[in-house]
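As structure tokens, the structure follows; a few thoughts come after it.
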Amino acid sequence: MILHRSLLLTASLAFITTGPVGAQTPVVPYNHLPSGNHGVMAAPWMVHATDHFDIYYERQHARALGEIARDVERAYARVSFDLRHELAVRMPLIVVDTDREMPQDRTQARELVRVSGAPDRDHLLLAVEPSNSRFASLVHDLTHQFAFELIPLSSGVPAWVHEALSDHEAGTWTPPDLVQLREAAARGAVPAIAGGAPLDRLWGRAAFDFVAAEYGTLGIRRYLVALRNSSSPSDAAFTAFGLAAGDFDRAFQTYVRSRFSDR
């Protein structure tokens, strides 16, 4: 979930914008008095530093801390390598028990930030449970922060780019998504990306998968920069790959038929 820039809810991870697995940094307590605590001082929140994150957690999460630290650094390494980018600042990450404790709006998010003692700026939120989807969710929402630096919302990139890029990095397709793409491929109903056809996150994800398959992760970075700096999707295709819009779209359609044909 992303707050301040936007509000995007996910199953187990959230990104809040309100403003090492390596060396073992001392754990620092954060005393707080949550609202509704009726004057009783709650147990202090703690903070654990990894290479790129400050993890804010309560004592009941201490046993999961090592696994969480490994997961967030592994997710960071993957996205950073793929996009050839390092975040400008360390990222605060606030740990909660389950996805039911994720804030549903800005007010709840600000309250959680206040209670945890984390600084009032961009944050990741992570639920300890469920753990089976934790890594994919981390990659997905961490990609949003990388995208905000590489292609700011003010840059004028097409609306589908940010969410589609995050879905691509997470690397998982749902069965309904695959059915929809296979049916479209069978009908020949594949949109013309460089031709300027409006895309949703599903086709945008397929577009990034195509670029990665054809040009590798460096191609993703080149395409993002071209989308940011070009006045149209057709210009971006030519700038990034030297392809005219029609050639790019025909190659994409061939990829979709090959990748998603119902064999």
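Quick note: the coordinates plus some simple rules give every number you see, no bench work behind them. In this text the structure is predicted, and so the values were computed from the model without any measurement. Using ideal geometry, Cβ is built from the backbone for each residue, glycine included, and neighbour counts are taken over all protein chains shown.
Remark: spin-label model distance Ser155-Ala251 equals 2.0 nm, labels positioned 7 Å along the Cα→Cβ axis. Computed extension length for Arg187-Asp51: 44.1 nm, one decimal, from 0.36 nm per residue of separation with the Cα-Cα distance subtracted. Net charge near Thr143: determine it from the other residues with C-beta under 12 Å of the C-beta of Thr143, scoring Lys and Arg +1 and Asp and Glu -1. Within the 12 Å Cβ shell, the charges total -4. Taking the centroid of alpha carbons for each part, the range 244-258 and the range 98-131 are 42 Å apart.
Assuming a ≥ b ≥ c are the square roots of the Cα gyration tensor eigenvalues, decide whether the range 115-259 counts as rounded (a/c under 1.5), prolate (otherwise, with a/b larger than b/c) or oblate. Spell out each step's value before the answer.
Values: a/c = 2.46, a/b = 1.41, b/c = 1.75.
Judged from the Cα gyration tensor, the range 115-259 comes out oblate (a/c at least 1.5, b/c at or above a/b).
Residue-wise HN-Hα couplings along the range 65-75, as the Karplus relation 6.51 cos²θ - 1.76 cosθ + 1.60 with θ = phi - 60° gives them from phi, are 4, x, 5, 4, 4, 5, 5, 5, 6, 5, 5 Hz; Gly and Pro carry x. Placing pseudo-labels 7 Å out from each Cα toward the beta carbon at Arg70 and Val179 gives an inter-label distance of 3.7 nm.
What the phi angles of the range 199-208 give under the Karplus curve with 6.51, -1.76 and 1.60, with θ = phi - 60°, is a coupling list of 10, 9, 5, 5, 6, x, 4, 4, 5, 5 Hz, glycine and proline written as x. The range 145-160 and the range 213-232 have their alpha-carbon centroids 13 Å apart. Amide hydrogen proximity for Leu125: with H placed 1.01 Å from N in the peptide plane, the residues at 5 or more positions away or on another chain lying under 5 Å are Ala14, Phe15, Ile16, Ile94. Label-to-label distance, Phe81 versus Arg63, with points set 7 angstrom from Cα along the beta-carbon direction: 3.2 nm. Ranking Gly196, Ser230, Tyr255 by how far each Cα lies toward the positive end of the dipole of the range 161-260 (charges on Cβ) leaves Tyr255 at the top.
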